[in-house]
1. Could you give me the residue pairs with C-beta distances under 8 Å whose first residue belongs to segment 34-60 and is at negative phi, whose second residue is of a type in the set (D, E) and open to solvent by less than 40 Å² (accessible area, probe 1.4 Å) wherever it lies, and which are 6+ apart or on separate chains?
2. Show the residue pairs meeting these rules: Cβ distance below 6 Å; 6+ apart or different chains; first residue within segment 185-206 and open to solvent by less than 60 Å² (accessible area, probe 1.4 Å); second residue among the hydroxyl-bearing types (S, T, Y).
3. Only one of these conditions is not met by E238: (1) open to solvent by 20 Å² or more (accessible area, probe 1.4 Å); (2) in contact (Cβ under 8 Å) with a residue 12 or more places away in the chain; (3) in contact with a helix residue (DSSP H, G or I) (Cβ under 8 Å, 6 or more places away or on another chain). Which number is it?
Amino acid sequence: MEKITTVGLDLAKLVIAVHAMDADGRRVLRKVVRRDQLLGWSAALPPCVMAMEACGGAHHWARELTRQGHTVRIMAAEFVRPFRKSGKNDANDAEAICTAARQANMRFVAIKSIEQQAALCVHRLRQGLVEERTALINRLRGLRTEFGVVAPLSPEKLRRDLARCQDPEDARLPATVREFVGDQVTALDQLEARLAAYAEQIAAQARGSEVAKRLQSIAGVGPTTAAAMVATVGAPQEFRNGRQFAAWLGLVPKQHSTGGKTRLGRITKRGDAYLRTLLILGAKSALQAALRKPPQQRHRLQRWIVDVFSRIGYHKTLVAIANKHARIIWALLAKGEDFDMQRLTPKVVAVA
């Protein structure tokens, strides 16, 4: 049998499709193994390239296969898709993964450590609770609107109005509906208590990381953004520069250019939507801070923000600030630098 040099794995919950190639790109093996059989099968192989798509469990398998001496490559699914030659099924996906991993210019995802993934768990859980809270508040608004009680937009005013609705003397809602509202308010209180606990855990992550502390020196980058960046970006040196890092986060415009004519559209929204959202929210804070400060007291970055805002408007300015923050964050992560507020570029800090 020809020597296997590259293996494509299409991961699934119960079975894993395997496609193996030799050094010349010829198919050597094509099979399906159960999840509990994969490590036993791969341990018998000589060290080779093991490739898979970035999906649930990919980093776990990558760590296990790396311990066996294999070189693991994780790729974004959108980069694998063009290499699928026919209909979509597990076998064809495994072949496409194997072929894509052999490309010299392919981009790979850095393998996360157990510690990184554990740190990210609290971020994912908190984000899920935020979505649950929003859905719960919207249900409360819709429920009350059916009886002509329109809720205020302000969360604080909504809270006061919900307390008023639970008063037995308030006749705006029937007694049964008032009871339902009370149950939902209790659920809302529990959600907010859990959110506060998770937020404290994230703040503790930021306090315990020197890198996260440096990132927070950027106006608009708080503990949540800093902790999420440190946990997500394990190997910043894999990006050539800050521009590539910003593109990885989906903060650059789409291109549809041909014949030497450049056409730019909206941002690509590639990469981690959670990080991108945090950067946009931080950009709002940075913009408001720059606009509130008197012109003579603005540092260079704030002067740039105000100038961009005057030229391209609110929403595009937010994206521009988020892009700028992403580039600065990359420099701080990749080069071990500290941020000088009077400059648009980071400043190297001597390490004792």
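The values are calculated or read from the model by the stated rules, or taken from the named source; none is laboratory data. Just so it is clear, the structure is predicted and the values come from calculations on it, not from any experiment. Here the Cβ is made from the backbone with ideal geometry for all residues, glycine too, and neighbour counts use every protein chain on show. For the accessible areas, the whole protein counts, side chains as well, though only heavy atoms, and no ligand, DNA or RNA atoms are used. Shrake-Rupley method; radii C 1.70, N 1.55, O 1.52, S 1.80 Å.
1. M52/D10; E53/D10; E53/D93
2. I202/T224
3. (3)
Residues checked against (1) part of a strand (DSSP E or B); (2) open to solvent by 60 Å² or more (accessible area, probe 1.4 Å):
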| residue | (1), (2) |
| --- | --- |
| H19 | yes, no |
| R30 | yes, yes |
| L38 | no, no |
| M52 | yes, no |
